[in-house]
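Here, each number is a calculation from the coordinates, and none is a lab measurement. Since this is a predicted model, take the numbers as computed values, not measurements. Here the Cβ positions follow ideal geometry from the backbone for every residue, glycine too, while neighbour counts run over all protein chains shown.
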Amino acid sequence: MAPADRNVWQEVLQDLDGASVPVPPWLAEARLSEVAGGRASLTLPPACDPSQVERALRRALESALARTVGREVELHLEAADAGGEVEITDPADIPRDDAHPPTHAAKADTPAWPEAFRQNDRPPLNPQYTFENFVTGPCNRMAHAAAMAISDLPGRAYNPLFIHASVGLGKSHLMQAICHKMAADRPGVPMMYISCEDFVNQFIMAIEHGQLEDFRYRYRYLEVLVIDDIHFLADKDRTQEEFFHTFNTLYQAQKQVVLSSDSPPHEIPSIEERLVSRFKWGLVARIDQPSYETRVAIVRKKARLRGHDLPEPVVQYIASAVDTNNRELEGAVVRVMGFASLSNREVSMDLAREALRDLVHEPRRIITIQNICDAVLQRYNARLSDLQSKRRAQSVAMPRQVSMYLARRLTNHSLEEIGAFFGGRDHTTVLHAERKIKRAIEKDAAFRGVVETIERQIRKE
């Protein structure tokens with residue numbers, strides 16, 4: 001085929017750059033033939049392996065070329081050897097089962113990309129965090145069903161899947177279960193399970209080592225990306241920018257993204273709105289605190305995983321005594337079993353009470369927003385009608401913000417529910433109040449003492 005106008009290839013490269021597709025420097029040296037009959041050939045530089053381009057860039061190149069010339073184009077890859085001869089590569093001959101990101105030689109004047117980041121993409125997983133060991137109940141049924149669905153149909157069922165819950169309720173278990181099942185069903189698939197903190201640290205190290213290109217290839221050509229605690233991106237503007245483009249690349253290629261957080265997308269502070277919007281594109285699934293029946297099932301499961309069947313009265317006692325989260329339930333089971341082993345006694349109700357005596361408290365009173373307001377109003381000598389009014393005077397705004405902060409801290413009400421109580425305010429107003437009081441507590445010891453006194457009063461009433 002005749003060579004194409006050089007401007008066409010330049011426009012293709014510019015299109016890729018505009019779509020945030022990482023373009024290796026050597027691609028600028030490639031030669032594009034004239035597009036004829038919906039077909040074109042791309043001759044790559046002699047040192048380039050066409051199979052790397054086939055796995056990583058073919059779809060992006062064909063899309064950019066179609067946008068440039070205005071019609072669909074089938075692209076054939078050719079590699080020129082050092083003598084100028086061209087080797088034609090048939091896509092059917094290229095292996096697909098080891099689709100790892102292309103590697104690039106480090107620049108001579110920069111340190112090598114850390115070896116720890118060059119390891120296989122197969123993530124380190126807890127062997128017990130599987131779907132078989134996950135106890136389902138009303139509190140987590142939707143999140144569990146969604147996780148199962150994307151394990152069977154990655155990139156097509158729910159993308160992204162965003163799971164949010166308080167600490168210890170099973171987010172990490174579900175996310176690792178997804179990875180376990182995909183690894184079993186699709187051995188060799190490029191997949192990454194990583195905490196958001198590690199993602200941020202790797203990005204910082206990539207900048208320090210001048211290896212952003214390697215970092216981008218590592219993440220943007222995965223089939224499955226699973227990131228735990230995505231709220232850690234808060235206040236990290238440059239990392240948010242990088243993750244935004246990584247997310248777009250994976251999403252547009254129909255690759256599966258799974259994220260978790262301790263709060264729903266719109267409640268994560270200091271996250272760009274465009275990221276929040278993308279977090280909501282798929283399914284947002286919430287995990288609540290387990291009910292008594294679910295806690296009983298969790299206690300049984302955790303004991304059996306350790307090779308024991310606890311007496312039913314002990315199971316019920318533990319489930320009643322610990323009503324916070326799955327992690328503390330597991331800790332109580334380990335504690336009872338360990339106490340029995342160390343004292344060489346059978347597990348019984350008396351032993352369970354002895355082992356858990358410092359964990360069992362009087363039933364906690366349910367704290368309402370009204371309880372909080374009563375205590376705040378008493379301290380600030382204000383009226384409830386003032387807190388629920390539109391007044392913004394400091395004498396009203398301060399107790400209102402303290403009340404919102406304590407409502408977030410001491411109740412399970414959502415931002416919208418708290419805002420509705422205080423005169424129908426927007427959820428962003430509640431978030432602003434919470435952040436402002438947090439900052440004031442950190443900076444002003446006297447103010448922190450006032451808030452802590454109010455909180456103690458609320459808890460004792």
Enter the Cα centre distance for the pair the range 279-299 and the range 152-184, rounded to the nearest angstrom. 12 Å
Take SER166 and PHE447, extend 7 Å from each Cα along the Cα→Cβ direction, and tell me the distance between the two endpoints in nm. 2.6 nm
I need the calculated FRET efficiency for the pair PHE244 and ASN381, taking r as the beta carbon distance and R₀ as 56 Å, to the nearest 0.05. 0.70
Stretch ALA397-ASP358 to full length: gain in nm at 0.36 nm per residue minus the Cα-Cα span? 10.0 nm
Which whole-number percent is the relative contact order of the range 369-460 (Cα, under 8 Å, 6+ apart)? 29 percent
Just list whichever of LYS280/LYS301; LYS171/LYS302; LYS181/LYS236; LYS236/LYS443; LYS171/LYS236; LYS236/LYS280 have alpha carbons separated by over 25 Å in the model shown. LYS280/LYS301; LYS181/LYS236
Please work out the C-alpha center-to-center distance from the range 311-335 to the range 195-236 and express it in whole Å. 37 Å
In whole Hz and in residue order, list the ³J(HN,Hα) couplings for the range 223-228 that follow from phi through the Karplus curve 6.51 cos²θ - 1.76 cosθ + 1.60, θ = phi - 60°; x for Gly and Pro. 8, 9, 10, 10, 10, 8
Place a +1 charge on the Cβ of each Lys and Arg in the range 338-461 and a -1 charge on the Cβ of each Asp and Glu, then give the dipole magnitude about the Cα centre in debye, rounded to the nearest 20. 640 debye
Quick one: grab the alpha carbon gyration tensor of the range 369-460, order the square roots of its eigenvalues as a ≥ b ≥ c, and give me rounded if a/c is under 1.5, else prolate or oblate depending on whether a/b is larger than b/c. rounded
What length, rounded to one decimal in nm, is gained on full extension from GLU74 through to TYR292, with 0.36 nm per residue of separation minus their alpha-carbon distance? 72.6 nm
Write down the radius of gyration of the range 292-355 and its Dmax, each obtained from C-alpha positions, in Å. 10.4, 30
